[in-house]
Amino acid sequence: MSTKLWITIAVVFLSTQTYSQEAVLHISNESTDKEYCLVYNASWTNLSSSLTDAVKHQVVNLVSSYLCDSTNIPDVTGKALVVMRGQCDFSQKALIAQEHGAAVLLIASNKSMSPPSANNSEYAKVKIPLALMRYRDFADAQQVFGKDMTASLYAPPVPVFDVSIVVMLFIAVFTVALGGYWSGASEKEKRSEGSILGGTEEASNSGELSLYSPLKVVIFVALMCVMLVLMYFFYKYLVYVIIAIFCLASATALYSCLDALMNKVGCGKCSFSCRSRTVPVRSLLLAALCVSVAVVWGVYRNEDRWIWILQDLLGIAFCLNFMKTITLSNFKICVILLSLLLLYDVFFVFITPFFTPNGESIMVQVALGPASAGEKSDGNIVEVPADPTPTYEKLPVVMRVPRFSAWAQNLCGMQFSILGYGDIIVPGLLIAYCARFDIWSGSSKRIYFVSCTIAYFLGMIVTFAVMLLSKMGQPALLYLVPFTLLTSAVVAWSRKEMRQFWEGTTYQVLDSSREPLLQDGQPGYASGERKC
């Protein structure tokens with residue numbers, strides 16, 4: 001594969017999300033008042049649910065200090081202390097403020113904000129409320145109120161369940177179901193036309209690329225790990241490479257999807273001749289449309305209020321084309337690939353914090369961007385909104401849907417539920433294999449495809465349920481991989497087709513001889529089901 005394809009494949013799995021925890025900072029004096037956005041960690045800081053129950057504290061401006069040592073600190077007993085973000089951990093700042101009698105610690109940030117966190121052992125030591133606020137908001141408060149101002153912190157209750165979860169569930173299930181159906185329909189069309197190329201890894205007439213060797217799968221996952229580590233160390237350079245590749249790949253994918261749709265409905269067959277070549281008018285119009293959509297996304301990619309629609313559209317097309325183009329030759333390859341990617345996800349989310357200097361997982365820091373250092377995420381479902389004018393780029397590797405019940409949108413900006421492309425593509429490759437196996441085995445009811453799609457749907461429901469109950473994001477592959485793999489295996493075992501399902505079909509090849517495992521015309525696959 002080309003370098004661009006490897007990078008594109010690796011990027012789709014760099015997905016993570018955090019659970020949003022926003023509050024309100026109410027600043028007032030004798031004549032006026034105003035409210036600003038806060039970001040806090042609910043497991044670390046308890047805040048009142050209403051302004052009437054919140055305690056007022058005199059504000060002490062110490063934004064000239066990072067509060068990383070105990071020198072030059074004025075009397076802050078019973079007051080709300082405002083310091084700058086950076087130089088040391090949040091917990092260290094909180095402990096120093098606490099030692100000097102501060103009642104509240106507010107950390108002014110000129111970077112994107114996520115819930116502050118620390119090691120579990122440090123949670124119990126901090127007894128005062130701690131929250132992040134935008135530096136520009138504090139500067140605005142100084143202009144409005146001057147030096148004489150009081151602050152109250154409160155966090156109005158937010159519904160745990162949001163309609164955006166249902167929308168995200170629909171997008172995910174629709175994409176894997178349509179991608180699997182498209183892969184099966186393409187396989188059926190190739191069989192009817194007799195254009196199968198014997199299962200080699202070379203691209204077929206339809207541009208498909210097959211993964212058939214366990215060694216190639218291991219190398220593929222290893223390259224993904226290398227790519228993720230490179231993104232961790234060289235994010236500010238490679239992020240623009242990924243954005244450019246995404247624009248190109250998503251425009252190509254959108255063209256492929258729309259062209260297939262046009263072929264299905266049988267419209268747009270007009271063409272004209274140019275230098276002895278026939279050029280379809282439809283192809284030119286579709287190409288112009290797809291390139292325009294990708295360019296618009298690239299130019300306005302940071303406009304949160306509406307650009308998420310284009311990102312989701314391009315993301316769906318990207319996932320569909322990926323599932324149709326990259327094929328897995330047998331269930332053995334599916335098991336190896338999905339299992340390795342599950343380990344990959346768990347390792348880079350839960351294990352790497354033990355090795356990084358700031359205790360942040362490599363997966364989270366790459367997905368959220370370099371400005372998220374110091375904030376820890378425990379999963380990948382909900383994204384805390386960044387500063388409305390972010391100073392760094394984010395990787396375009398997620399579906400995004402605004403949280404409709406977010407009460408603090410006017411203060412903190414739009415909040416999104418997000419789901420990584422990898423949580424769609426990885427199980428989707430198995431669903432696509434099931435759809436093709438239905439064609440190979442002559443299953444008129446498409447039992448494998450339907451069963452695996454239902455398993456994916458149930459796995460997503462469990463993922464969201466655990467997220468809502470635990471109030472923290474979840475790595476979706478932790479649930480989706482077991483659900484889909486076990487369901488597919490049970491169906492094959494109950495139908496006594498496990499050998500065929502495990503080894504593949506007429507179109508799988510042996511690594512050594514590169515000869516088909518089953519010859520064309522062998523009984524069982526030409527006209528119907530072949531039993532073990």
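A short reminder: the numbers here are calculations on the coordinates, not readings from a lab. Predicted model only: the values in this text are computed from it and were never measured. Don't worry about glycine lacking a Cβ; one is built from the backbone with ideal geometry, like all the others, and counts go over all protein chains shown.
Worth a mention:
- If the segment from L284 to A260 were pulled out straight at 0.36 nm per residue, it would be longer than the present Cα-Cα gap by 7.2 nm.
- Estimated from the Cβ-Cβ distance and a Förster radius of 30 angstrom, the FRET efficiency linking V166 and Q87 is about 0.10.
- Stretch gain in nm, segment F404-H100, where the contour uses 0.36 nm per residue and the Cα spacing is subtracted: 105.3 nm
- V144 paired with N302, simple spin-label distance in nm, labels 7 Å along Cα-to-beta-carbon: 2.4
- Each Lys and Arg contributes +1 and each Asp and Glu -1, all at the Cβ; summed about the Cα centre of the stretch 120-177, the dipole is approximately 180 debye.
- When the pairs K190/K324; K125/K147; K79/K147 are compared against a 20 Å limit on Cα-Cα distance, K125/K147 fall above it.
- Full-stretch length increase - L486, V158 - with 0.36 nm per residue and alpha-carbon distance subtracted: 114.4 nm
- Cα centre as origin, Lys/Arg/Asp/Glu Cβ charges: the stretch 41-154 dipole, Debye: 160
- Principal axis box of the stretch 41-154, alpha-carbon based, largest edge first, Å: 39, 33, 29
- Within the stretch 298-360, the proportion of Cα pairs with more than 12 Å between them is 78 percent.
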